[in-house]
Amino acid sequence: MPNSPSTASYADQTVTRGEGGETHQHAGGEVPVLTTQQGVPVADDQNSLRIGRRGPTALEDFHFREKIFHFDHERIPERVVHARGFGAHGFFEPYESLADITKADLFQRPGDKTPAFVRFSTVAGSKGSSDLARDVRGFAVKLYTQQGNWDLVGNNIPVFFIQDAIKFPDIIHAAKEEPDRGFPQAQTAHDNFWDFISLNPESMHMALWIMSDRTIPRSFRFMEGFGVHTFRLINAAGKSTFVKFHWKPKLGLQSVVWNEALKINGADPDFHRRDLWDAIQSGNFPEWELGLQLFDEVFAEQFAFDVLDATKIVPEEQVPVRRVGRLVLDRCVDNFFAETEQVAFCTQNIVPGIDFSNDPLLQGRNFSYLDTQLKRLGSPNFTYLPINAPKCPFHHFQQDGHMAFHNPKGRANYEPNSWGGAAGGPREAPDAGFTSYPSEEEGPKLRIRAETFADHYSQARQFYLSQAEIEQRHIAAAFTFELSKVETPAIRARMVAHLLNVDEVLAKAVAEGLRLKAMPAPAEPARPVDKSLKPSPALSIVGNGPQSFKGRKLGALVTDGVDAGLLTGLKAALEAEGALLKLVAPMVGGVTASDGAWIDADEKIDGGPSVVFDAVALLVSDDGAKLLADEATVRDFVADAFAHLKFIGYVPAALPLLEKAGVAAALDAGTIELKAAADAAGFVKSCAPLRLWAREAKVKRV
Ligand code: HDE
């Protein structure tokens, strides 16, 4: 039956348009009148205009055409890298004045709040890929200072794959889906990627980092950020100090284990964005401290590596990280497209008091970012979009172009001009304006790689040796996994040949894991590996984890008859720790507790698997245990929590669940019996290390 116009339009609305009142009565109350983009009020938004009851659509239906036209053009090109991201607003606040080292306005007055916007991202996957891909995370910070926008476009790893920007298209082509087949998506576990890496020894340091748990962070809130390159800070006297920027998360470092990452991607592909959104919406504002590693030309000269080489770090033990302020994210975006999607970070956005170094990667980036924004946002006027516009006054003579919606008045649109005073428009300010640091630069034009960039293995080895034993095992397992997805045996062997220069035990573990028929000869290093570099404890995640369960989430499995006192005790203990309790029940509506009270649940059991929590509690009643013991999802809930080394609190009634999950005979220091409300606080305290690493040897291959 064709619809008649009246059945599909809203019969209950009375339009009260007129007298300037652009509102009308609707079921929901007084609401604005729906209009076209031209402001014409719309009477019927359910049906297109047609000739006769079942006839063709009329071309004159301007409302329909405008609506579809706009919809057809909703998408803009996704970022060629870092397409999937999530942003939030906040502020930066220095602890002290840094006037002695930089004249940058945002560092002059302690406590001064500079608005900030941060976008976290994965690199290789497209916009719709999942959050727990093994990948580098972008950590891009836009600081709207009083002297213009400063963009610190960093990553959660302090080094990069390549030394010269000219290789960027190659590394990214190799990492992304293969061009003939269009897969795999958001993964480096394929031939092209490892082919490129194994042919580029300069990638070896970064290869170690990406095979570590750094590339599977638990949350954006629990990861570090790095500016990567060496920059310069310039003070009012014109003195330059080299600097490397760090962001240190207040909640400590934390990653997931690989098997958990795979399962999170299925259970909640938006796990990271949901985590940040939930934290900010609930008032748990994540914080990072800005750290500076400061050094001078003399240090740079005598340092074992070139400070312009982005494949190298300066170990914190050698140049300590000075914490100079904090970044707080306290507001979610109002509109994802307008803010997170349209934000345009540009490495060349710097302010007086900050300057570039000659790092060839940074120099190349300074070209790329402006260029890419034009492609993505379609007009040089992207700087006027609210998310990109400076929050300080700005005046210039750039004009016109697509979507010029900020247009200067008056006659002067060039400089110098002889129109006096305000009529002449803005003028340059030799004393206050940005000046580049006058470093001495001279020499022949050369297309070469400096000899000082030639050591490719020493810091890769140092990184590996700085890891805890479990972390080293994870690196070996990650290499084995990724290379086992590589179909060409020669590429697998070539990678192992490189690993022999990093660490023989690692190379052997990977070779055995791949079942290589013969151990290859070590790759020929351009420079001998320096085996004397001392491990850097700052590089371990496990060594820099949290001291408490703060900011974490505990998932409690509850059924009818759940011990009301224990549940209340657990909630209070978690609140005291600054952590969250989420209730997982057989049905999402909720359960009746032992005291007869109704308790709302947060998740249904298959919607809240244990992988999405940092620790779990099994708070079932005897009857509840009987009901759930044979459920596959409940078995997975318990077995995964155990296999992922999580802390598990359980009431005695939950023993059948532990049995069905096959872990009852393996109970350990991380499985903690909860008999009464008084046990709750102790349990929450014991969750602080987040994982019982000692269990790993038992469960193997988590
Ligand atoms: Fe980027 N990178 N990049 N990159 N990058 C982009 O700019 C590029 C590099 C980083 O959330 C693009 O707006 C080149 C290092 C982040 O919007 C593009 C080179 C680091 C983001 C681009 C690098 C980064 C990008 C794509 C080698 C860490 C996301 C979309 C010289 C220090 C920013 C865009 C956001 C994005 C180019 C290497 C971080 C194409 C040529 C090293 C966090 O301009």
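Where a number appears in this text, it was derived from the coordinates with a stated rule and is not lab data. No experiment lies behind these values; they were computed from the predicted model shown. Cβ placement follows ideal geometry from the backbone for every residue including glycine, while neighbour counts extend to all protein chains displayed.
Annotations for the structure displayed:
- Placing R0 at 60 angstrom, the Cβ-Cβ distance between GLU22 and GLU504 gives a FRET efficiency of 0.20 after rounding to 0.05.
- Counting other Cβ atoms within 10 Å as a rough exposure proxy, the listed residues LEU374, LEU554, LEU690 run LEU374, LEU690, LEU554 from fewest neighbours to most.
- Residue order for TRP258, TRP598, fewest other beta carbons within 10 angstrom first, comes to TRP598, TRP258.
- Gyration tensor (alpha-carbon) shape descriptor, segment 168-216, a/c threshold 1.5: oblate
- Cβ-based charge dipole, segment 454-542, positive-most Cα from SER540, ALA507, VAL529: ALA507
- Furthest towards positive pole of dipole, GLY561, HIS402, LEU583, structure part the chain, Cβ charges: HIS402
- Environment charge at VAL123 (Cβ cut-off 12 Å; Lys +1, Arg +1, Asp -1, Glu -1): +4
- Cα pair distances of segment 454-542 binned at 5 Å [whole percent]: 3, 15, 24, 23, 19, 12, 4, 0
- Ellipticity estimate at 222 nm from DSSP helix runs (n ≥ 4, -39,500 (n - 2.57)) divided over the chain, nearest 500: -7500 deg cm²/dmol
- In this simple spin-label model, placing a label point 7 Å from the Cα along the Cα-to-Cβ direction at both ALA422 and THR452 gives a separation of 5.2 nm.
- Gyration tensor verdict on segment 277-395 (Cα atoms; rounded if a/c is under 1.5, prolate if a/b is larger than b/c, oblate otherwise): oblate
- With 10 Å bins beginning at zero, the pair-distance distribution over Cα atoms of segment 548-699 amounts to 12, 47, 36, 4, 0 %.
- By the compact-protein rule of thumb, 2.2 N^0.38 Å, the alpha-carbon radius of gyration of segment 156-283 corresponds to a ratio of 1.29.
- Diffusion coefficient, µm² s⁻¹, Stokes-Einstein with Kirkwood Rh over alpha-carbon pairs of segment 487-527 at 37 °C and 0.692 mPa s: 325
- Dipole magnitude of segment 168-245, debye to nearest 20 (Cβ charges: Lys/Arg +1, Asp/Glu -1, about Cα centre): 680
- Extents of segment 195-267, largest first, come to 55, 38, 15 Å (Cα atoms, principal axes, whole angstrom).
- Test item: Cα-centred dipole of the chain, Lys/Arg +1 and Asp/Glu -1 on Cβ, debye: 660
- In this simple spin-label approximation, ALA572 and LYS67 carry label points 7 Å from Cα along the Cα→Cβ vector, and these lie 5.6 nm apart.
- Charged neighbours of ARG79, selected by a Cβ distance under 11 Å, balance to +3 (K, R count +1; D, E count -1).
- Under-26-angstrom lysine pairs by C-alpha in segment 454-542, whenever the two are 8 or more apart or on separate chains: 5
- Where the Cα pairs of the chain fall when distances are cut into 20 Å bins, in %: 15, 42, 33, 10, 0
- Descending semi-axes in Å of segment 85-384, equivalent ellipsoid built from Cα gyration tensor: 29, 24, 19
- As a proxy for reagent exposure, ranking CYS346, CYS332, CYS392, CYS687 by other Cβ atoms within 10 Å from fewest up yields CYS392, CYS332, CYS346, CYS687.
- Estimated distance in nm for a label pair at ASP622 and TRP598, the labels positioned 7 Å out from Cα along Cα-to-Cβ: 2.7
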